[in-house]
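Structure first, commentary second.
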Amino acid sequence: MSESLAASDWVAARGEKWRAQLPGMEAMLEPVDAPLVDALALDEPVRIAEVGCGGGGTALELRRRAPAGSVIHGFDLSPGLIELARRRARPDDRAITFEVADMATAAPSEPYDRLVSRFGIMFFEHPTAAFANLVRWLVPGGRLAFAVWGPPPENPWMTSVRDVVARAVALPPADPHAPGPFRYADSDELLALLDRVGFTKLEVRDFRGTLPIGGRLDPAEAARFALSSFSSFGERLAAAGEDAFGQAHRSLTACFARHRHDGAIRMDARVHIVTGMRR
């Protein structure tokens with residue numbers, strides 16, 4: 001079984017897992033929001049569409065930071081995540097809405113001025129067709145900002161967990177070209193693809209920082225969160241038996257204990273922030 005996640009997986013099990021772990025996941029990924037929002041150059045009221053909005057964390061941050069008069073629409077494949085995102089927005093706030101949609105194939109009711117995604121574009125089953133469709137979501141000259149994970153060795157928040165799990169159960173080799181979190185670790189591949197379908201003025205600036213695993217958790221809690229939330233590690237360990245999970249949990253707890261700072265387990269991360277415009 002592959003570790004990669006096709007877009008359709010988010011409609012079912014993976015989307016529900018994200019929903020169940022949403023507070024911890026959003027606390028962990030929150031440091032990426034600031035550089036991502038900055039990359040959108042929000043210097044006037046604009047219409048913004050978010051690809052893979054999940055439970056709405058980034059959209060809500062956009063609502064706080066975008067100039068008055070801006071409109072934010074979040075789209076995601078998972079009905080459960082969209083339901084949760086809608087509950088987090090104020091009922092009387094018409095400047096932010098959430099809808100179930102597959103932006104890889106759906107057409108917008110009208111193009112947007114900005115297109116943004118925090119880790120939502122790496123799972124397209126047919127990326128060339130998907131990005132060609134996303135061109136239609138932007139007005140000519142409209143700006144995009146996509147966050148994708150950098151190379152695995154520079155993202156120990158994930159690789160340390162995988163290494164621990166691999167000592168307890170057999171894991172298949174990762175396919176860097178399959179849908180998955182590190183699909184565009186080589187940003188040149190993504191830039192070439194975006195250029196080919198109709199985007200221009202493409203640039204990459206990296207965010208390097210630390211992520212609090214699950215938020216403000218102690219080592220044992222953070223280890224349980226990571227094993228339960230990341231990839232299919234929890235399912236693989238459960239299938240191997242209680243001893244396998246216990247072994248992995250003890251090893252990961254010891255690993256995380258070495259990275260405890262200011263009341264949280266903080267692990268290094270590198271994120272590519274890709275920007276560009278529609279031709």
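Around L138, which amide H atoms from residues at least 5 apart in sequence, or from another chain, sit under 5 Å from its own amide H, with H modelled in the peptide plane?
Y112
Counting C-alpha atoms alone, how compact is the range 14-57: give Rg to one decimal and Dmax as a whole number, in angstrom.
Using the Cα atoms of the range 14-57, the pair Rg, Dmax is 12.6, 37 Å.
Rank these residues by their accessible area, most exposed first, probe 1.4 Å: H259, H126.
H126, H259
Report the normalised scattering of the range 4-133 as log10 I(q)/I(0) at q = 0.15, 0.18 Å⁻¹, calculated by the Debye formula with identical scatterers on the alpha carbons.
The Debye formula, applied to the Cα set alone, gives -0.68, -1.00.
Towards the positive end of the charge dipole of the chain, with charges on Cβ (+1 Lys, Arg; -1 Asp, Glu), say which of M122, A168, T210 has the farthest Cα.
T210
Taking the Cα centre of each part, how many Å lie between the range 132-173 and the range 67-90?
So the two Cα centres are separated by 22 Å.
In sequence order, what are the phi-derived ³J(HN,Hα) couplings for the range 130-135 according to the Karplus relation 6.51 cos²θ - 1.76 cosθ + 1.60 with θ = phi - 60°, rounded to whole Hz, with x for glycine and proline?
5, 5, 4, 6, 5, 4
Find the accessible area per residue for the chain; the probe is 1.4 Å, ligands and nucleic acids are left out, and the unit is Å². Mind showing how you got there, number by number?
On the way: 12200 Å² over 279 residues.
Roughly 44 Å² per residue, with all protein chains present.
Go through 105-111, 50-56 and give me the packing order, highest mean Cβ count within 10 Å leading.
50-56, 105-111
Where does the range 164-279 land on Rg(C-alpha)/(2.2 N^0.38 Å)?
Working it through for the range 164-279, the quotient is 1.34.
On the protein heavy atoms, probe 1.4 angstrom, tell me the percent of accessible surface of the chain carried by carbon and sulfur.
Carbon and sulfur together cover 52 percent of it.
Take every Cα pair under 8 Å in the chain that's 6+ residues apart, average their separations, divide by the length, and report that relative contact order as a whole percent.
24
Cα extents of the range 99-182 along the three principal axes, largest first, in whole Å?
Largest first, the range 99-182 extends 50, 23, 21 Å along its Cα principal axes.
More than 20 angstrom separation, counting every C-alpha pair in the range 95-245; what % is that? Please list the in-between numbers first.
Working: 6582 of 11325 pairs.
The share of Cα pairs beyond 20 Å in the range 95-245 comes to 58 percent.
So what are the ³J(HN,Hα) numbers for the range 187-197, from phi and the Karplus equation (6.51, -1.76, 1.60; θ = phi - 60°), rounded to whole Hz, Gly and Pro as x?
3J(HN,Hα) across the range 187-197, in whole Hz: 5, 4, 5, 5, 4, 5, 5, 5, 4, 5, 8.
Report, in deg cm²/dmol and to the nearest 500, the calculated mean residue ellipticity at 222 nm for the chain, where each DSSP H run with n ≥ 4 adds -39500 (n - 2.57) and the sum is divided by the residue count. Don't jump to the answer; show the numbers that get you there.
Values: 10 runs with 113 residues, N = 279.
Estimated from H runs of four or more residues: -12500 deg cm²/dmol.
Whose amide H sits under 5 Å from the amide H of I265, counting only residues 5 or more places off or on another chain, with H placed in the peptide plane?
Correct list: I213, L217.
So for each of 26-33, 83-90 I average, over its residues, the number of other beta carbons within 10 Å; can you give me the resulting order with the highest mean first?
Descending mean neighbour count gives 26-33, 83-90.
If one computes P(r) from the Cα atoms of the range 231-279, what percent of pairs lie at distances over 13 Å? Don't skip to the answer; put the middle values down first.
Details: 836 of 1176 pairs.
For the range 231-279, the share of Cα pairs beyond 13 Å comes to 71 percent.
From the backbone phi of the range 107-118, what are the Karplus-calculated ³J(HN,Hα) couplings (6.51 cos²θ - 1.76 cosθ + 1.60, θ = phi - 60°) in whole Hz, Gly and Pro given as x?
Result, ordered by residue: 9, x, 5, 7, x, 10, 7, 9, 10, 9, 7, 9 Hz.
FRET efficiency for D243 and E16, Cβ-Cβ distance as r, R0 = 35 Å, nearest 0.05?
0.85
For the chain, what are the per-bin percents of Cα-Cα distances with bins 5 Å wide, up to the bin holding the maximum?
1, 6, 12, 17, 19, 18, 12, 8, 5, 2, 0, 0
The values are calculated or read from the model by the stated rules, or taken from the named source; none is laboratory data. Quick caveat, the model's predicted, so the values are computed rather than measured. Glycine also receives a Cβ, built like all others from the backbone with ideal geometry; neighbour counts cover every protein chain displayed. Note: areas computed on protein heavy atoms with side chains; ligands, DNA, RNA excluded. Shrake-Rupley method; radii C 1.70, N 1.55, O 1.52, S 1.80 Å.
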